[in-house]
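Structure, as structure tokens:
A short reminder: the numbers here are calculations on the coordinates, not readings from a lab. What you are looking at is a predicted structure, and each value in this text was computed from that prediction instead of being measured. We place every Cβ from the backbone using ideal geometry, glycine too, and count neighbours over all the protein chains shown.
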Amino acid sequence: MSLEIGVIAMQGAFREHCAMVERCGAHAVEIRQAPDPADARFAGLDRFDGLIIPGGESTVIGRLLVMCGLVDPIRGCGRAGMPVYGSCAGLIMLCSEIEGPDGMPLDQPRLGLLDARARRNAFGRQIDSFTAPLPIRHVGPDIEAVYIRAPLITRRGEGVEVLAEADLAGTVLPAAVRQGNILASAFHPELTEDTRFHRYFLSMCEDYAAGKP
Ligand code: GLN
């Protein structure tokens, strides 16, 4: 049976993630509202084999997730071991701490599934969007990384594996990380033709699906 991936479709690049998931041979379902336990067709987010939180604007996505009652269901899935992947604003949503470009803490809704601190708009305004070739552990030596007002990780817990790093004016900071079932990238693989990063995530989902009762 093919994998079924829930893509949070509040705002941002969710269509591109869905297209990428489908290109990789899995099925993508757009999620716009909290599952209704009374609706037999949609028994809950736990029916999925993985979840994706796209890039966009983390404050907007966060506010909409709160409004739609999706924070606890997503958190529950992540804590129960379901693979969750966040790109860009999705990375910010996954982190336990968020800071502004100046390093000052920001109080905005988050899922806290990743023991790390995200710096929003880390590259500043002058170079807010760019593409760079990037070696990514477990994925490939030459991935095209598209950064759009991207965050970087400025603190990470012990269990957080760094998959890729970016050079921020001489300071090297994590740009892609994994903590068990949680995967995050500061860049947007869904905006390229390269399916390798999504295939890596789907391999995590396959392992998870295989272990489901
Ligand atoms: N700068 C955005 C934020 O802080 C993220 C940008 C993106 O997802 N492309 O939420």
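General remarks:
- Helix 196-211 vs. the chain, principal-axis angle (Cα, 0 to 90°, nearest 10): 40 degrees
- Tensor-based shape of region 77-174 (alpha-carbon gyration tensor, a/c under 1.5 rounded, otherwise prolate or oblate): oblate
- Projected label points at ARG155 and VAL60, each 7 Å from Cα along the beta carbon direction, are separated by 2.9 nanometres.
- Value at 222 nm in deg cm²/dmol, rounded to 500, when DSSP H runs of n ≥ 4 in the chain each add -39,500 (n - 2.57): -7000 deg cm²/dmol
- Within region 184-213: backbone nitrogen closer than 20 Å to the ALA19 label point (7 Å, Cα to C-beta): 187-202
- A Förster radius of 35 Å, combined with the Cβ-Cβ distance separating ARG196 from GLU30, puts the computed FRET efficiency at roughly 0.90.
- Zone residues, region 143-177, relative to PHE130, backbone N less than 17 Å from point 7 Å out along Cα-to-Cβ: 143-153, 165-176
- Listing ARG125, ARG178, ARG149, ARG137 from fewest to most neighbouring C-beta atoms within 10 Å gives ARG125, ARG137, ARG149, ARG178.
- Prolate/oblate/rounded call for region 146-213, Cα gyration tensor, a/c under 1.5 rounded: oblate
- Whether region 109-160 is rounded, prolate or oblate, judged on the alpha carbon gyration tensor where a/c under 1.5 counts as rounded: oblate
- Over all pairs of different C-alpha atoms, the chain has a mean inverse distance whose reciprocal, the Kirkwood radius, equals 16.9 Å.
- For ARG119, ARG63, order by how many other beta-carbon atoms lie within 10 Å, fewest first: ARG63, ARG119
- Longest segment of the chain lacking GluC sites (Glu not before Pro) that sit in a DSSP loop with at most 13 other Cβ atoms within 10 Å: 1-157
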